[in-house]
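Read the figures in this text as sums done on the coordinates, not as results from a lab. Since the model is a prediction, treat every value here as computed from it, not as a measurement. Virtual Cβ from ideal backbone geometry, glycine too; neighbours counted across all protein chains shown.
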Amino acid sequence: HIIAGERRWRAAQKARRHGVAHGHGGEIEPEPPRETDLRAVVDRAVARTRRVNPDVTIAVRGDGFEASVRAVTLERAIANLVRNAVQVSPEGGNVEVILRRSGDWATVRVLDCGPGITDHDLPRLFDRFYRGEGARERQGSGLGLAIVAQAVEQHRGTVESGNRARGGAVFTLRVPLR
């Protein structure tokens, strides 16, 4: 009984760390929205990814402001975008993370200096288990961008991907402030 109880406790702790809670029937419920400083969420997401490649500079721009969000879920989504950007950027490259408030929306843009996204890959990037041509040589499961899409859906927001005019990719995540 003690071992089973400890397993349940560990599973609940893991679920809390990953932004979910268990309901009365054992089903997983999303993390509840809370007033949160979005700049702090972005800063934590970037801090989680700095170790991926210390030779790539990550610059964060934008002031902090409050929004009612699922902070752990949103942080994981932003960290996935930044991690991907760092992984595709060359040594000595730069990744920009820009946080902006526009009316009732928060926008996070992640811009890299990698090879960009092929036209063939663009429509499927957010599909579960899909790995674009450039991602197949790197470690991963093809779930990172699907997790981003799921997090954005939980926030009633949007996420878009595209290519920068001078090379590299840009991902734009938008969520309502309330």
**OP:** Report the GluC sites (Glu not before Pro) located in segment 51-115 that are in a DSSP loop and have at most 12 other Cβ atoms inside 10 Å of their Cβ, or state none.
**Re:** 91
Subject >> In segment 25-74, the trypsin sites (Lys or Arg not before Pro) that fall in loop regions by DSSP, at most 12 other Cβ within 10 Å >> reply: 51
Subject >> Residues of segment 67-95 with amide N under 15 Å of the 7 Å Cα→Cβ point at residue 59 >> reply: 92-95
